[in-house]
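Only one structure is covered here, and it is reproduced in the block below.
The values are calculated or read from the model by the stated rules, or taken from the named source; none is laboratory data. The model shown is predicted, which means the values in this text are computed figures rather than measured ones. Cβ coordinates were reconstructed from backbone atoms using ideal geometry, including for glycine residues, and neighbour counts include every protein chain displayed. When the accessible area is computed, the model is the full protein with side chains, heavy atoms only, and any ligands, DNA or RNA have been set aside. Shrake-Rupley method; radii C 1.70, N 1.55, O 1.52, S 1.80 Å.
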Amino acid sequence: SSGINAEYGPASSKIAKGIAFFDLGCILTAIALICVKSLPQFRHTEGEELRDPTNIQDLPDKIFFIVETICMIWFTMDLFFRFCVCPNRKEFLRNALNWVDLISIVPFYLELMVPSNVQVLLVIRITRFTKIFRIFKLSKHFRGLIALGLALKHSVSEILVLFVFLLVAVLFFATVGYFSEENLKDSHFKSVIGTFWWAIVTITSVGYGDEVPKTVIGKLSGALCAITGIIFVALPVPIIVSRFNYFLQLENEKCRIGADEDISIYKHPMYNNSRRGKKLRCNGVIVALH
């Protein structure tokens, strides 16, 4: 019981609060290490990447390795003990955040186990890329991130409709842009597929300027593309924001009354009766929905 409270109720005791702060500190430290180690003075060449990570001569590398080892040991213990004290292990395994925790830990141990005399640069790069999943561990301590994830989860249909609209618009404006610039010798648009990049950055209002139309029809199509993108993107935003605000209120209410309380979110008018009886999983805690 005390282990569960320490994990799912950081405000239940001083010990639980201390554990939560230490876990948050380890997460922020691990994320900071990823950023700091990418600086030019701390980067290594491809040949140096194959060395044994436990055989380090430089002082900064030693410090990085020791700090990362401490963080990884804590993350491993945290995941192991949460699995042991979890009352329902099937639900624990179904929780995506727990798999994120596992994916963020595995690369560290893979780098330790990989032989230093084997050409495994691709494996090392892939494992180092997956370290970025440590960022998602922050959602355990910030309810706003949980609310955002739930809002996106319950807005999948609206997001899919948005992507379909954008796909159709990109195809249309890329085709128009290509054929309007086809006869120019110095045209940036070499093919319809190559013009997709211009259409995407224009319709999303990014506009890098690396590829631009030069004819009147091309410029007109670019203007219409940008306006269309603003309209399309604006359509589902109020729905997603409304659901985010509701889930944020739900998370704050759950924190106030305790994680073991039942909260009926389907009393909210945005949900229909066809979804009743489902369960909402928030960071390994199941909230019964009626």
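Looking at the range 86-99, which of its residues are hydrophobic (A, V, I, L, M, F, W, C) and at pLDDT 80 or above?
To start, the set of residues in the range 86-99 that are hydrophobic (A, V, I, L, M, F, W, C) comprises 86, 92-93, 96-97, 99.
Residues satisfying the conditions are C86, F92, L93, W99.
Listed conditions (1) within 11 Å of G222 (Cα to Cα); (2) open to solvent by less than 30 Å² (accessible area, probe 1.4 Å) are all met by E181, apart from (1). Contact map, the range 220-243: first residue crowded, with 19+ Cβ neighbours inside 10 Å, second residue part of a helix (DSSP H, G or I) and not aliphatic (A, V, I, L, M), Cβ cut-off under 6 Å, separation 6 or more or different chains; pairs are S221/F173; S221/G177; G222/T202; C225/F173; C225/T202; F232/F165.
Which of the residues belonging to the range 197-219 are in a helix (DSSP H, G or I) and open to solvent by 60 Å² or more (accessible area, probe 1.4 Å)? Hits for the range 197-219 are W197, I200, V216, I217, K219.
Out of curiosity, is E68 of a type outside the set (A, V, I, L, M, F, W, C), over 20 Å from the mean Cα position of the chain (by Cα) and buried (at least 16 other Cβ atoms within 10 Å of the Cβ)? Here the answer is yes, as E68 does meet what is asked. For F173, the requirement of being outside any helix (DSSP H, G or I), in contact with a Ser or Thr (Cβ under 6 Å, 6 or more places away or on another chain), modelled with pLDDT of 85 or more and open to solvent by less than 60 Å² (accessible area, probe 1.4 Å) is not met.
Every residue, every condition in (1) part of a helix (DSSP H, G or I); (2) modelled with pLDDT under 75; (3) open to solvent by less than 70 Å² (accessible area, probe 1.4 Å), yes or no:
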residue: P10; (1), (2), (3): no, yes, yes
residue: G25; (1), (2), (3): yes, no, yes
residue: T29; (1), (2), (3): yes, no, yes
residue: S38; (1), (2), (3): no, no, yes
residue: K62; (1), (2), (3): yes, no, no
residue: M77; (1), (2), (3): yes, no, no
